[in-house]
Amino acid sequence: MYRKLLERKGYFFLGFIALWYALSKIFFDKATWELGIADNTSFTNVVGDAAGAISGNRTHSPFFVYFFNPIRLFINGFVDIIRNLIATPSNGHAAPTIGWLGVIAILAFITLATSRIRMAILVITFLLGCGALGMWADTMDTLAMTLAAVLLSLAIGIPCGIWAGLSDRVLKLFTPILDLAQILPTMVYLAPLALFFMIGEASATIATMIYSVPISIRITSHAIRSLNFSPVEASISMGATKKQTLSKVQLPMAKQMIVLGVNQTVMAALSFVVIAALIAAPGLGKPVISALTIQNTGRGFVAGLAVVLVAIMLDRATSAAAMKQKAFIPPTESEKRRKRLNVSIAGAVALGATIASHFVTALGNFPDNFDIATPISNATNSFVNFLVNDVSFLTVGFKDIISIRVLNPIEDMLARAPWFMTLTMFVIAALVLAGKRIAFLTFVLLSAIAATGLWFDAMITLTQTIVATLLTMIVGVALGIWVGRSKRADSLLRPFLDAGQTMPAFVYLVPILGLFGPTRFTAIATGIVYSIPVVVKIVGEGIRSVPESMIEAATAAGSNVRQIITKVQLPASKRALMLAANQGMIFVLAVIVIGGFVGSGGLGYIVIMGSSKPELQGKGLVAGFVILLLGVAIDRVAQAASRRA
Amino acid sequence: MKLTSRRKIALASSVMISAFAMTATFQSSSKAADCGTWGIAMHAWNGYTASAQVVTEVAKAQGCTINQSTLTEGGTTYDAMEAGTTDVIIEDWGGGRWQKWTDRGAVVLVGANGNVGKIGMFVAPWMVKKYPGITNSKNLNKYASLFKTADSGGKGAWFEGPPGYTTIGEKMIKANKLKFKAIATGSEAALISTITKAEKNKKPALIYWWEPSTLFVKVPGLDKARVNFPKNDWSDAAKASGLTDYPATPLEKLATKKLMDSGSVFAKIVKNFKWTNADQNAVAADIEGGMTPEKAAQKWIKAHPAQVKAWLA
Amino acid sequence: MSADSPMIQVKNLWKVFGSNPDKVIGTELASLTRSELRAKTGNTVAVRDVSFDVAPGEVFVVMGLSGSGKSTLVRCMTRLIEPTAGELIFSGEDILKVDGNRLRELRRTKFSMVFQHFGLLPHRKVIDNIAYPLEINGVGKAERHKRAQEVIELVGLNGYSEAYPEQLSGGMQQRVGLARALAADPEIMFLDEPFSALDPLIRRDMQSEVIRLHHELGKTMVFITHDLQEAAKVGDRIAIMRDGALIQVGTPAELVANPKDEYVANFVRDIAKSHVLTLRYIARPLRSDESAATVELDADLIIREALPTVLEAHRPIHVVSGGSSIGVVSAEDVLALIASVN
């Protein structure tokens, strides 16, 4: 009975889409609200004027004088202290206060003290690697920016996380904000932030914090909430005050997971600091972005490599510190004594190195006489040239097929049909898929998009997001099944997935650009590369968590591998699949904006343009807001649909 | 366990404290030079890098500390100057788009840098021979179908400049009644990749590009592949609003008022810096050839002592 | 044991979960069954109008199946869960009316609790776990360690004071839980299914341990369990709970001998009657064709313990209570009872 209904639903949808397509052909190019690249609407003009008024008021409006400017100056000062310490020469000194040798010594010492000696060696090697890539100063800037953002993020995130962990009301209050921060594509809030905190370190740091604070809050509150309740109850039953229970029971027990949260916060901050180069964050993001804009893939790759080195280093070092206390049982006395001795010696060495690096310029500025960056850069460039010149005829063919067979028809349906028709069709689809409430929400959000006047560009971006998500799901689910079923596949793919998640999207944008040219498909391909890791991980996890007994039962009943996958594992991990689709779509949307750099057009292009051309600033801000509306709409519909499934 | 972690912290903090102490003690010993610490904005294109790097190297030789910050051109950089994040734009194509900022006073127009920019539309050079008359805008429609792609919606693809660059493509298409569609390429890299690939594979392409640029060396014949549009008719107000071609633009220098009022030698350098398109192309070509910007700039400085000396006067 | 001054009195205690619980109590809604009420208002009655007394030094067992409300009841008694209505008199003081400070003071000095899943602090050594209640009460380190050491010896944890909970077996962990509950020398101990998570053999040891501690220290205990054998073994009196309400309260023997209803009868069926009933319950008049033996047995003697004497006598034996015979038991009577276990 139920199955029949489902089948009928399927037919209904086929018919629905056919009708949609037919209608879009009939009303092709009517009431599309297409807007020229350089054209404003009355609404974007209003926003532009408002933005202009805001930037004109920066020096005298009390909001700025007493609120935004002090925050900006505080954060700038904080960042500068750290940068002067390790990254930039200051006060006429030829090198930073602590030179390269000192930085390596101190970081190695901290790693040694909190983790194992192997980690310390890894830290030394990777830092030397960054130096040898000719990226020492940029690496230090990135580290300084990351450190500043992480310290500020934790100062906010951990107390808020504890609060949300203890109080249901606070959690309820935070959750929608945290959800929103997670959907928000990173590039969208750069421009509005810059409006208030201006272009520079402060905006970059705050933007990074918007990205990393929610993670810190989430994990800390989860750490408190997921504690075994029994010791907490025991503590209360013995008459402990809330403060005592928190400080003596909950925090010590949650410590390890909170440290793990620090690890996640660090990784998030690092990945964002690279993007924040768009609003003048110093560091490795600079060469990455300039490589993108003037097409020097090699230089971008070298910088990207340094980013990956820093990412691996920070990840391993912080997670090792968290893992070290897996059990609550500390080491024995003799172990402790040996460790203490090691740490003291290392501390003395680190101190000596730090002092030396301050006085001896050769130990202060990283030597540039051995250069591995140029050969790596040249090799990369020739590889990319090979791709571009000798492989691209294949890729261009593929691109054309997808563009003509998939992209254009969907674009015709969504963007080149009358806007009210598309809107109606979406609301009907949401009604069937997700129910009345979500349909109403869809109506409101889409109407808001229409009201901004950027309907056409929004539909262009949505089309690309949909196509990219479809392709991501096809590849991602296949890989996810493989990873979920085979340990070998998992360990084979995991390094690539991890690297894919830490590598800034800008780095692979250029080679992809070479393969597909400046087209919509390049943005789509970038979205696919960016979102596949998360989809593969979620699907793999879902497949793996299907109970062994179900598979045994199916095997005992004589199912073959294909049947086990299609009849047992996939249906049983339906929730994971839905989650993967949702996350995949959000991730795709996040980079489709970056795709504005390589010819995606649509909202991303407008956002980028708005940051350069004063007359289009309003349009850029509105485009960012429309991306947010799109993200919320996609997320809500996908979540409601997965709840129904 | 507690004891060790406390010791660890004590040790680590003693290292940190001594580091800070050293900063405090020895900062005063090294006297800051008169020039001071200033910022210069770095924009994406090679020519800009050449100019900015030469200015940076000249200033460094005078004892200045110069921080280069990579910034998107236009509004972003003006904002950054207003915020004090950076101080100098050495080459701006904007033709007055800085007005709002200069009106507010923190940013000042310093003057022309000697380079003259000329934006235009270029076909892949191989097409010039094969399709006679293609460089005349009147003939473009005849060849429009050649330029069709999967993305151009049945018209010819007209690859526009990066988002921040001055573009009037849509207006030109309209004014010249062309059967082309402006396609947002997004970055310089996208344009370079499009034209080099088209030239190599003998595929049609029509792109936005500009002088001065080293791309003319990299893609031989590109200088002959400029499409000639009718000049803008400024005499008639109605016609002037429909722009038919890009005008030649003297490129400008902008700087913060703070720098220009400081009396620093860097302000003098920025004010006096002036060179030709050929100068810029020479340095840019070296950078493109794999030299680091620093070395390329120093090479030019060494070869032109008189000119540099004039900037310092 | 004096019935006139109970250690703790529970009077008409209610706990209703869900929104607006007050609308249930004292109205006709209160008479609905659990499922009816849930269907009607969405509220769940976890504890329904429960009243009982616990005498000083008594081991009072609350027993019921899962979902019967027994764990909620014990938490209501220490206000870990706030009851909806009722009174809870401890030494003349209504605990439901005291403020947070007084409640904490009571918890620190008068009450203690042992948990099914031990509730030990994994990041602390055994000795610091045991000293924890003293620590939160502001006792100095030397003093609380001294006291903890005493309790460690009392519960047989010698040599484990420096170990961490994760290094101990389940049984040993619960000894730490017991020691912690004893550390502050409370007047009442609440034990919430303390041995349910342990293996059967260890469970039996621990039950004996509780009985031993009870004999040595004479603490009043409220003991929650779902295991009737355990209840019969450790309890002076047993209260049987079902759907939040107390069905019957009595000594093990009373419950076995006179179950109030089918539910209790089913419950107690598995108990070996000879293990809980005393001779009083099977004493019968001497038949005319019998002659009693010369030995006599006390009426409160557990049947199992009387077995050797009865079998040896070959004749009915007089059962004596308060100096006079209330009847006789014979070997046949006893064997019939043992045989009729089920």
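The values are calculated or read from the model by the stated rules, or taken from the named source; none is laboratory data. What you see is a predicted model; the values in this text were computed from it and never measured. Cβ: placed from backbone, ideal geometry, glycine included. Neighbour counts: every protein chain shown. Note: accessible area is taken over every heavy atom of the protein model, side chains too, but ligands, DNA and RNA are not part of it. Shrake-Rupley method; radii C 1.70, N 1.55, O 1.52, S 1.80 Å.
Which ones in segment C:306-322 are under 18 Å from C:PRO285 (Cβ atoms) and over 30 Å from the mean Cα position of the chain (by Cα)?
C:VAL310, C:ALA313, C:ARG315, C:PRO316, C:ILE317, C:HIS318 - these are the residues of segment C:306-322 that are under 18 Å from C:PRO285 (Cβ atoms) and over 30 Å from the mean Cα position of the chain (by Cα).
Scan segment B:29-76 for residues that are farther than 21 Å from B:VAL283 by Cβ and in a helix (DSSP H, G or I) and report the count.
Result for segment B:29-76: 2.
Kindly indicate whether A:GLY283 is assigned to a loop (DSSP other than H, G, I, E, B) and either open to solvent by less than 20 Å² (accessible area, probe 1.4 Å) or not assigned by TED's automatic domain parsing to the domain that holds A:MET187 (or both).
Working: assigned to a loop (DSSP other than H, G, I, E, B): yes; either open to solvent by less than 20 Å² (accessible area, probe 1.4 Å) or not assigned by TED's automatic domain parsing to the domain that holds A:MET187 (or both): yes.
Judged against the criteria, A:GLY283 is a match.
Looking only at segment A:46-63, count every residue that is more than 31 Å from the chain's Cα centre (by Cα) and within 16 Å of A:ALA451 (Cβ to Cβ) and tell me the total.
1
Return the residues of segment A:560-572 that are open to solvent by 40 Å² or more (accessible area, probe 1.4 Å) and over 31 Å from the mean Cα position of the chain (by Cα); say none if nothing qualifies.
Within segment A:560-572, A:ASN560, A:VAL561, A:ARG562, A:GLN563, A:THR566, A:LYS567 qualify.
Could you list all residues from segment A:35-56 that are surrounded by 13 or more Cβ atoms within 10 Å (Cβ to Cβ) and facing chain B (nearest Cβ under 10 Å)?
Scanning segment A:35-56 gives A:ILE37, A:ALA38, A:ALA51, A:GLY52, A:SER55, A:GLY56.
Is it true that C:LEU213 is open to solvent by less than 10 Å² (accessible area, probe 1.4 Å) and under 26 Å from C:LEU154 (Cα atoms)? Reasoning before the result, please.
Details: open to solvent by less than 10 Å² (accessible area, probe 1.4 Å): yes; under 26 Å from C:LEU154 (Cα atoms): yes.
Judged against the criteria, C:LEU213 is a match.
Considering only residues of segment A:200-254 that are in contact with a Leu (Cβ under 7 Å, 6 or more places away or on another chain), within 9 Å of chain C (Cβ to nearest Cβ) and not aliphatic (A, V, I, L, M), which is surrounded by the fewest Cβ atoms within 10 Å (Cβ to Cβ)?
Per the stated criteria, the residue is A:GLU233.
Considering only residues that are part of a strand (DSSP E or B), open to solvent by 40 Å² or more (accessible area, probe 1.4 Å) and more than 20 Å from B:TRP158 (Cβ to Cβ), which ones fall in segment B:113-133?
Let us first name the residues in segment B:113-133 that are part of a strand (DSSP E or B), namely B:113-123.
Next, only the ones that are open to solvent by 40 Å² or more (accessible area, probe 1.4 Å) stay: B:116, B:118.
Within segment B:113-133, B:VAL116 is the sole residue that qualifies.
Taking A:SER290 as the residue in question, decide whether it is among the hydroxyl-bearing types (Ser, Thr, Tyr), touching a Pro at 6+ places or on another chain (Cβ under 7 Å) and open to solvent by 10 Å² or more (accessible area, probe 1.4 Å). I'd like the intermediate steps shown before the answer.
Values: among the hydroxyl-bearing types (Ser, Thr, Tyr): yes; touching a Pro at 6+ places or on another chain (Cβ under 7 Å): no; open to solvent by 10 Å² or more (accessible area, probe 1.4 Å): yes.
So A:SER290 fails the test.
Anything in segment A:87-120 that is more than 10 Å from chain B (Cβ to nearest Cβ), in contact (Cβ under 8 Å) with a residue 12 or more places away in the chain and either open to solvent by 20 Å² or more (accessible area, probe 1.4 Å) or among the aromatic types (Phe, Trp, Tyr) (or both)? List them, or say none.
Matches in segment A:87-120: A:TRP100, A:LEU101, A:LEU107, A:ARG116, A:ILE117, A:MET119.
For A:GLY15, work out the one condition from (1) at pLDDT 85 or above; (2) outside any helix (DSSP H, G or I) it doesn't fulfil.
(2)
When you go through (1) more than 13 Å from C:ALA181 (Cα to Cα); (2) within 11 Å of chain A (Cβ to nearest Cβ) one by one for C:TYR160, which number turns out not to apply?
The number of the failed condition is (2).
Can you tell me which of B:GLU160, B:GLU170, B:GLU199, B:GLU188 is among the charged types (D, E, K, R), in contact with a Pro (Cβ under 9 Å, 6 or more places away or on another chain) and within 21 Å of A:TYR605 (Cβ to Cβ)?
Values: B:GLU160 fails: in contact with a Pro (Cβ under 9 Å, 6 or more places away or on another chain); B:GLU170 fails: in contact with a Pro (Cβ under 9 Å, 6 or more places away or on another chain); B:GLU199 fails: within 21 Å of A:TYR605 (Cβ to Cβ).
Going through B:GLU160, B:GLU170, B:GLU199, B:GLU188 in turn, the sole match is B:GLU188.
For every residue, the table says whether it meets (1) in contact (Cβ under 8 Å) with a residue 60 or more places away in the chain; (2) open to solvent by less than 10 Å² (accessible area, probe 1.4 Å); (3) under 23 Å from C:ALA231 (Cβ atoms).
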{"residue": "C:ALA39", "(1), (2), (3)": "no, no, no"}
{"residue": "C:ASN43", "(1), (2), (3)": "no, yes, no"}
{"residue": "C:VAL47", "(1), (2), (3)": "yes, yes, yes"}
{"residue": "C:ASP53", "(1), (2), (3)": "no, no, yes"}
{"residue": "C:GLU58", "(1), (2), (3)": "yes, yes, yes"}
{"residue": "C:SER71", "(1), (2), (3)": "yes, no, yes"}
{"residue": "C:ILE81", "(1), (2), (3)": "yes, no, yes"}
{"residue": "C:LYS110", "(1), (2), (3)": "yes, no, no"}
{"residue": "C:LEU121", "(1), (2), (3)": "no, yes, no"}
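Starting from segment A:608-619, keep only residues that are more than 7 Å from chain B (Cβ to nearest Cβ) and closer than 18 Å to A:ALA280 by Cβ, then list their pairs with residues that are of a type in the set (A, V, I, L, M, F, W, C) and open to solvent by 20 Å² or more (accessible area, probe 1.4 Å) whose Cβ atoms are within a distance under 8 Å, requiring at least 6 positions of separation or different chains.
Within 8 Å, the pairs are A:GLY610/A:ALA191; A:GLY610/A:LEU621.
Filtering segment A:292-330 down to residues that are within 15 Å of A:ASN381 (Cβ to Cβ) and at pLDDT below 75, which residue is nearest to the chain's Cα centre (by Cα)? Steps first, please.
Of all residues in segment A:292-330, those within 15 Å of A:ASN381 (Cβ to Cβ) come to A:292, A:294-305.
Remaining after also requiring at pLDDT below 75: A:292, A:294-297.
Details: A:LEU292: 19, A:ILE294: 24, A:GLN295: 24, A:ASN296: 24, A:THR297: 22 Å.
Per the criteria, the residue is A:LEU292.
Can you run down the residue pairs with Cβ atoms below 6 Å, 6 or more apart or on separate chains, where the first is in segment A:282-293 and closer than 17 Å to A:VAL384 by Cα and more than 7 Å from chain B (Cβ to nearest Cβ) and the partner is open to solvent by 10 Å² or more (accessible area, probe 1.4 Å) and part of a helix (DSSP H, G or I)?
Going by the 6 Å Cβ cut-off, the qualifying pairs are A:VAL288/A:VAL507; A:ALA291/A:ARG299.
Could you please find all residues in segment B:41-60 being open to solvent by less than 10 Å² (accessible area, probe 1.4 Å) and either of a type in the set (Asp, Glu) or over 11 Å from B:GLU91 (Cα atoms) (or both)?
The answer is B:GLN53, B:VAL54, B:VAL55, B:THR56, B:VAL58, B:ALA59.
Are any residues in segment C:299-342 more than 30 Å from C:ASN266 (Cβ to Cβ), crowded, with 16+ Cβ neighbours inside 10 Å, modelled with pLDDT of 85 or more and among the small types (Gly, Ala, Ser), and if so, which ones?
C:SER325
All but one of (1) open to solvent by 60 Å² or more (accessible area, probe 1.4 Å); (2) modelled with pLDDT of 90 or more hold for C:LYS233; which doesn't?
Of everything listed in (1) open to solvent by 60 Å² or more (accessible area, probe 1.4 Å); (2) modelled with pLDDT of 90 or more, C:LYS233 misses just condition (2).
Give me a count of the residues in segment B:140-153 that are under 19 Å from A:SER600 (Cα atoms) and either touching a His at 6+ places or on another chain (Cβ under 8 Å) or more than 10 Å from chain A (Cβ to nearest Cβ) (or both).
First, the residues of segment B:140-153 that are under 19 Å from A:SER600 (Cα atoms): B:147-153.
If we keep only those that are either touching a His at 6+ places or on another chain (Cβ under 8 Å) or more than 10 Å from chain A (Cβ to nearest Cβ) (or both) too, we end up with B:147-148.
Going through segment B:140-153 one residue at a time, the tally reaches 2.
Among the residues of segment A:390-440, which ones are of a type in the set (D, E, K, R) and open to solvent by less than 20 Å² (accessible area, probe 1.4 Å)? Full working, then the answer.
The first filter runs over segment A:390-440 and keeps only residues of a type in the set (D, E, K, R), leaving A:390, A:399-400, A:405, A:411-412, A:416, A:436-437.
If the condition is that a residue be of a type in the set (D, E, K, R) and open to solvent by less than 20 Å² (accessible area, probe 1.4 Å), then A:LYS399, A:GLU411 are the ones that fit.
Please verify whether segment A:107-118 includes one or more residues that are modelled with pLDDT of 90 or more, out of contact with any Cys (no Cβ under 6 Å at 6 or more places or on another chain) and among the aromatic types (Phe, Trp, Tyr). Outline the logic, then answer.
Filtering segment A:107-118 down to residues modelled with pLDDT of 90 or more leaves none.
No, segment A:107-118 contains no residue that is modelled with pLDDT of 90 or more, out of contact with any Cys (no Cβ under 6 Å at 6 or more places or on another chain) and among the aromatic types (Phe, Trp, Tyr).
Spot the failing condition for A:PHE521; the list is (1) within 14 Å of chain B (Cβ to nearest Cβ); (2) within 17 Å of A:LEU629 (Cα to Cα); (3) of a type in the set (Phe, Trp, Tyr), and only one is missed.
Only one criterion is unmet by A:PHE521, namely (2).
Test A:PRO518 against the stated conditions and say whether it is assigned by TED's automatic domain parsing to the domain that holds A:GLY480, of a type outside the set (D, E, K, R) and open to solvent by 20 Å² or more (accessible area, probe 1.4 Å). Talk me through it step by step, then tell me what you get.
Working: assigned by TED's automatic domain parsing to the domain that holds A:GLY480: yes; of a type outside the set (D, E, K, R): yes; open to solvent by 20 Å² or more (accessible area, probe 1.4 Å): no.
Taking the combined requirement at face value, the residue does not satisfy it.
Counting residues that are away from every other protein chain (no Cβ under 14 Å), under 18 Å from A:THR32 (Cβ atoms) and touching a Gly at 6+ places or on another chain (Cβ under 9 Å), which helices (runs of 4 or more DSSP H) fully inside segment A:399-486 reach at least 1?
Values: elements: A:408-414, A:419-434, A:436-452, A:455-485.
Per the criteria, A:455-485.
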